[in-house]
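One structure is given below, encoded as structure tokens.
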Amino acid sequence: MIRTAIISLTAALTVAGCEASQPDALAFVPDYQGVDTRLLEGDLVSFLVAMDGARGPTDVEDYAQCAAAQYTLIRGFSFARHVRTNVEQQGGLWRADAVYTISPDLPRGAKTIDAETVVDHCVENGIPTV
């Protein structure tokens, strides 16, 4: 009985050691390709972003939001409201075309962001801004 327990323990440790030494195939290693900012009209701004290594559309949407938040602060405003984001992927390259309105006061709508808070979150998570 003791011999069986030792063999089972040895087998479990061997398997655990193999799993720990294998590289993480799902490691998130983003390559942010840059931001193109376009003032559309008045307070309406478009942010075109691209990145390699995204895990899905949320990563590229977050990148666009970080760009929008920093742009909002650069323009001397505090808030932005998300209007829409279109995301596409081609050959591993993710692109987003996001549109936001920027304003000094909290705008009406459900998808508003406090630019300073979002920029802080972006810095903490290593997501570049404008």
With +1 at each Lys and Arg Cβ and -1 at each Asp and Glu Cβ, the charge dipole magnitude of the stretch 31-124 around its Cα centre, to the nearest 20 debye, comes out at 300 debye
How do ILE74, ILE102, ILE113 line up, fewest other C-beta atoms within 10 Å first? ILE74, ILE113, ILE102
Lys/Arg +1, Asp/Glu -1 at C-beta; the stretch 31-124 dipole; positive extreme among THR101, GLY56, ILE74: THR101
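Read-outs throughout are calculated quantities, based only on the coordinates presented, and are distinct from any laboratory measurement. Quantities reported herein were computed from a predicted structural model and do not represent experimental measurements. Quick reminder, even Gly has a Cβ in these numbers, built from the backbone with ideal geometry, and neighbours come from all protein chains shown.
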